[in-house]
Amino acid sequence: MKLQNISVSQAYASETNPRGNDFNGPALDDLVASVKEKGVLVPIIVRPNKKDDKLYEVVAGNRRFTAAQKAGLEEIPARVEEMSDEEAKEVQIIENLQREDVHPIEEGTAYRNLIENSKYDVKTIAARVGKSEQYVRYRLFLTNLTEKAAQAYRNGKFNDGYAVEIAKLSPDNQNQTVTKLTNSHEYNPIRTLKELKEYIKEKFYDVLSFQPWLKNEEANKAIGPCKFCPPNNPTLFGDVKEGACTSTKCWEYKMQKYIDFIVNSSEPRMTKVASHYGVSAELQKQKVLTNGQYEEVKKNGHCKFTRDAIIVDGEGMGKIIQICTTKSCKKHHPCETNYEPTPEEKEMRKVERAKELAKAKKKKAKEDKQILDALEKVNYPIKTNEIDIILDLLLCRSYVDEILKNICQRHGWDPVVEVQKSYMDSNKERNVRNWEKTARQKYVEMTDNEKMKLIFEIMLQNVWDEPRKKAIKALTK
């Protein structure tokens with residue numbers, strides 16, 4: 001390595017520069033003016049051309065080199081080093097990371113290139129750039145963002161913390177989350193990083209965490225690796241368990257494969273059941289039993305008719321349970337057989353009922369405390385966020401849709417129309433008017449005064465004629 005002045009005409013820009021070689025704009029104009037006045041103060045890094053030792057490839061410092069050309073300098077200070085193509089690329093990446101304006105995604109891409117193209121790992125990169133391993137790993141996460149998520153991040157729609165959490169998701173789940181974050185009419189917006197984590201956990205991971213095939217070696221082998229999840233690379237994604245689904249699409253695919261494997265490999269063939277009433281036409285063809293057509297056998301409640309079944313639709317999908325479908329069974333279908341339970345069974349039911357009551361009492365006490373603690377925070381005059389809470393509670397009521405239909409039609413609000421699959425035939429679709437979503441989209445644009453009017457309108461619409469007339473009369477005095 002030696003420091004010397006080289007002729008500007010003997011140097012040329014590198015084709016592997018991470019930033020490219022198209023430097024224009026006010027920032028470059030300012031640099032050109034500075035170079036004209038003071039010259040190039042920081043030497044560029046060059047290496048001799050392999051075919052012509054009179055020429056030099058600019059490995060690092062392309063902006064300074066371009067400014068020197070535009071300023072009309074004949075010579076430029078340079079650090080001349082012999083280096084291989086791999087070493088030159090490594091220097092370019094490290095040099096590029098020293099910029100103040102480097103975007104986190106660009107930074108993560110540079111770290112990934114170092115890992116994939118050289119001897120670096122997370123630990124050595126962290127030591128080289130003076131950052132923590134966690135910092136480097138988080139930047140690596142960002143390279144997993146979809147185009148939609150990356151664009152929203154670059155446009156300032158969310159910050160670094162949000163971007164890291166989103167990058168851990170599969171592409172389809174990323175785009176779904178970004179849509180929610182960037183939708184200005186979202187009726188239940190995400191306001192904090194904590195709320196984002198809770199949304200992701202509830203929306204994706206609570207369901208996806210149940211992966212029974214991971215505990216069945218034969219099933220896991222038959223199903224194969226994830227097809228839709230981001231690569232479970234421990235170097236880049238240290239907190240993602242190997243083989244774990246991080247995509248709803250992947251989970252559904254593997255769950256169906258698991259169910260098929262269990263049913264086809266069982267002898268006798270395992271019964272398919274749904275955990276709710278009614279199934280699609282497709283599942284009806286598969287003779288799936290619905291709730292009411294079988295009785296789940298609890299622990300220590302087996303009878304001679306008990307057999308294994310697997311839930312293929314509804315809550316608990318993929319779970320293997322024991323069922324009884326024999327109507328003549330006195331134990332599980334007593335109403336159809338006039339069965340009189342034994343003293344032991346009566347005592348067992350009494351104990352189970354006592355446990356259920358104790359559990360319900362404990363749950364109610366906890367809920368009562370939570371409500372009273374929350375009410376301690378409520379004071380007059382009411383705050384904007386408290387108005388939003390009241391409205392949200394009113395709109396969450398199970399029978400509110402018909403009420404909102406009347407209100408929306410009264411004000412001439414165009415309904416939000418959604419396309420849904422037919423419940424009885426999944427191959428057919430139908431248009432459904434979502435009055436709740438219509439009202440929610442309207443109320444996010446309302447003033448506090450308009451929101452209070454909507455609260456009164458929902459409550460007035462919710463009562464019988466006489467109380468409504470009385471309330472309207474009192475309000476109009």
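Exactly one residue among E352, E386, E367 is modelled with pLDDT of 85 or more and either part of a helix (DSSP H, G or I) or closer than 29 Å to M446 by Cβ (or both), and that residue is E352. In the range 416-431, the residues that are modelled with pLDDT under 65 reach residues that are part of a strand (DSSP E or B) with C-beta atoms within less than 6 angstrom, at least six apart or across chains, in these pairs: S422/R430.
Scanning the range 438-473 for residues that are surrounded by fewer than 16 Cβ atoms within 10 Å (Cβ to Cβ), polar (S, T, N, Q) and under 16 Å from L394 (Cβ atoms) yields a single hit, N462. Only one of the listed residues (I76, I94) is at pLDDT below 80 and β-branched (V, I, T). That residue is I94. On the stretch given as the range 164-193, residues that are part of a helix (DSSP H, G or I), among the hydrophobic types (A, V, I, L, M, F, W, C) and more than 27 Å from Y253 (Cβ to Cβ) total 1. Listed conditions (1) touching a Pro at 6+ places or on another chain (Cβ under 6 Å); (2) buried (at least 20 other Cβ atoms within 10 Å of the Cβ); (3) more than 17 Å from A110 (Cβ to Cβ) are all met by T146, apart from (2). The residues in the range 101-127 that are buried (at least 16 other Cβ atoms within 10 Å of the Cβ) and either basic (K, R) or part of a helix (DSSP H, G or I) (or both) can be counted, and the count is 15. Pairing each residue of the range 27-38 that is surrounded by 13 or more Cβ atoms within 10 Å (Cβ to Cβ) with any residue that is among the aromatic types (F, W, Y), provided the two are 6+ apart or on different chains, yields C-beta distances under 9 Å for L31/F23.
The values are calculated or read from the model by the stated rules, or taken from the named source; none is laboratory data. Remember, it's a predicted structure, so these values are computed and weren't measured experimentally. Glycine gets a Cβ as well: all are built from the backbone with ideal geometry, and neighbour counts include every protein chain shown.
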